[in-house]
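Q: I'd like to ask some things about the structure below.
What follows draws every value from the coordinates through simple rules; no lab data is involved. The structure displayed is predicted, hence computed values, not measured ones. No Cβ is skipped: glycine too gets one built from the backbone with ideal geometry, and neighbour counts run over all protein chains shown.
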Amino acid sequence: MSEQVKKFLYVNRKAPYGTIYALESLEVVLIGAAFDQDVSLAFIDDGVFQLTKGQDTKEIGVKNFSPTYRALGDYEVTKLYVEKESLIERGLSTDDLQELTYEDEDDDWAEKPSIRIVSRKEMGELMGNQDVVLSF
Amino acid sequence: MASLHTVNKSPFSINSLKSCLEHANDGDTILLIEDGIYGALKGSEISQIVADKIGSLSIIALEPDMKARGIDSSKILTGIITTNYDGFVELAAKHDVCQAWL
Amino acid sequence: MKFGILISEGPYTHQAADSAYHFTKAALKTGHEIDRVFFYHDGVNVGTRLSIPPQDERNLQKDWSALAKKHEIDLVICIAAAQRRGLLDENEAKRQGKDANNIAEGFRISGLGQLIEMGIKSDRLMTFGD
């Protein structure tokens, strides 16, 4: 493991199931969590569909990986930035998204939301403030 | 800090270029590669959106991909410059981070 | 400067592996280092030695193998993505009880950690996909 800490941003712009990108992106995030880097996830454009609740894949025969997002907090992946404009453009609101939380060890393990809703402008600024950007 | 963004899709079928233009920060560079070079065309339905960003952003098209698609400099928007693969590498080295709009 | 390259689409269907190849060659020519090339998603298919493109076309697997040999580039195929898509090296084929393997010279199969490590160690990470 490296002692160097870089800011990693995983950018998710694609919806789940139609293509494998969302799932394989999540696999990178889970493995990457072991490297103790400063990790953020961005969900923009169709990527916001990854976080919706009520996904049921039984009838398409594909593994439902949406519960895995709820485990991210245990991997200390706690910064999931979701773009407000992308939600609105798709007729979604935060009520349509899963509730994702983590336990903050610096705050007596208080349960806190992992999803942070940001504007497009804020998302752009976040993207511009990274060392490594991985796009899926 | 400035970013190099690469866009490789036609703006007429996928929203990568539009999304990239809306997220890039002033001083960033957008490099159009592969089918992304169609975003450099003048007289298209998105030309104005692209042209409005030239100045606050540098927009550059990859010449080998233009040539492959039969597009020469006369067909692209004024203010968009072109480069080759050596130039692509130089751009990547010059910017702090590279972000692909897949 | 040290570059890491991520290729996330397969050969021939998408231009990604071509663009990455031309970028890599230009980077080496202009005095930069290529630390590693990581193949993910369908990109793993670049590393099969069983592809036979028509003779008047480029052969991406051979091009990458040759470039890697000449410049000692680490070509890494993601194991999870590879197993989904039928890419196996000799050890893995044996371990999984398969009757064949298909990894080309110069490529090796390893975990996703190699991608993260590449992101940490290289000065710039370049992604080529679709």
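Q: Need the list of lysines near A:LYS53 for cross-linking: C-alpha distance under 21 angstrom, and skip anything on the same chain fewer than eight residues off.
A: A:LYS14, A:LYS63, A:LYS79, A:LYS84, A:LYS112
Q: Just want to confirm a number: the relative contact order over chain B, from Cα pairs under 8 angstrom separated by 6+ residues, in percent.
A: On the way: 178 pairs, mean separation 37.6, N = 102.
It rounds to 37 percent for chain B.
Q: To continue, here is another question. Tell me, what ³J(HN,Hα) does each residue in segment B:28-35 have, in order and in whole Hz, if you take phi through Karplus 6.51 cos²θ - 1.76 cosθ + 1.60 with θ = phi - 60° and put x for Gly and Pro?
A: Along segment B:28-35, the couplings run 6, 10, 10, 9, 8, 10, 6, 5 Hz.
Q: Can you give the Rg to Rh ratio for the protein assembly as shown, taking only C-alpha atoms and Rh from Kirkwood? Before the final figure, lay out the partial values.
A: Details: Rg = 20.5 Å, Rh = 21.4 Å.
Here the Rg-to-Rh quotient is 0.96.
Q: For chain C, find the longest principal axis of its Cα atoms and tell me its angle to the long axis of helix C:60-71, 0 to 90°, nearest 10.
A: Taking the Cα atoms of chain C, the angle to C:60-71 is about 60 degrees.
Q: What dipole magnitude, in Debye to the nearest 20, does chain B give about its Cα centre under +1 on Lys/Arg Cβ and -1 on Asp/Glu Cβ? Numbers along the way, then the final one.
A: Working: 8 positive and 13 negative charges, 49 e Å.
Its charge dipole is roughly 240 debye.
Q: Something else: From the backbone phi of segment A:37-47, what are the Karplus-calculated ³J(HN,Hα) couplings (6.51 cos²θ - 1.76 cosθ + 1.60, θ = phi - 60°) in whole Hz, Gly and Pro given as x?
A: In residue order, the calculated couplings are 9, 8, 9, 10, 10, 10, 10, 9, 6, 5, x Hz.
Q: Calculate how many DSSP beta bridges within the protein assembly as shown are antiparallel, expressed in % of all such bridges and rounded to the nearest 5.
A: Numbers: 7 of 60 bridges.
DSSP beta bridges in the protein assembly as shown are roughly 10 percent antiparallel.
Q: Among A:PHE49, C:PHE107, which comes first, then next, by fewest other beta-carbon atoms within 10 Å?
A: Working: A:PHE49 22, C:PHE107 25.
By the 10 Å Cβ count, ascending: A:PHE49, C:PHE107.
Q: Using the alpha-carbon atoms, what tilt in degrees (0 to 90, nearest 10) does helix A:21-32 show relative to the longest principal axis of chain A?
A: 20 degrees
Q: Another question, then. How large is the Rg to Rh ratio of chain A when both quantities use alpha carbon positions and Rh follows Kirkwood?
A: Values: Rg = 14.6 Å, Rh = 15.4 Å.
Here Rg/Rh amounts to 0.95.
Q: Quick check on the protein assembly as shown: helices-only [θ] at 222 nm, where DSSP H runs of length 4 and up contribute -39,500 (n - 2.57) each and the sum goes over total residues. Nearest 500, please.
A: Details: 13 runs with 109 residues, N = 368.
Calculated mean residue ellipticity at 222 nm is -8000 deg cm²/dmol.
Q: Also, I was wondering about something else. How do B:LEU17, A:LEU126 rank when sorted from fewest to most other Cβ atoms within 10 Å of their own Cβ? Could the numbers behind the result be given before it?
A: Numbers: B:LEU17 26, A:LEU126 20.
The order, fewest Cβ neighbours first, is A:LEU126, B:LEU17.
Q: Another question, then. Fewest to most neighbouring Cβ within 10 Å: what's the order for A:LYS6, A:LYS121? Show your work: numbers first, answer last.
A: On the way: A:LYS6 17, A:LYS121 13.
Lowest to highest Cβ neighbour count: A:LYS121, A:LYS6.
Q: Classify segment C:2-128: rounded, prolate or oblate, from the alpha-carbon gyration tensor (a ≥ b ≥ c, eigenvalue square roots; a/c under 1.5 rounded; otherwise prolate if a/b is larger than b/c)? Show your work: numbers first, answer last.
A: Numbers: a/c = 1.84, a/b = 1.28, b/c = 1.43.
Oblate, since a/c reaches 1.5 and b/c is not below a/b.
Q: Just need log10 I(q)/I(0) for segment B:3-101 at q = 0.13, 0.15, 0.25 Å⁻¹, Debye formula, equal scatterers on the alpha-carbon atoms, no solvent, rounded to two decimals.
A: -0.37, -0.49, -1.53
Q: Another question about this same structure. So what is the relative contact order for chain A, in percent, with contacts set as C-alpha pairs under 8 Å and at least six apart?
A: Working: 221 pairs, mean separation 42.9, N = 136.
Taking the mean separation of contacting Cα pairs over the length of chain A, I get 32 percent.
Q: Taking Cα atoms, how many degrees apart are the long axis of helix C:16-29 and the longest axis of chain C, rounded to 10 and kept between 0 and 90?
A: 50 degrees
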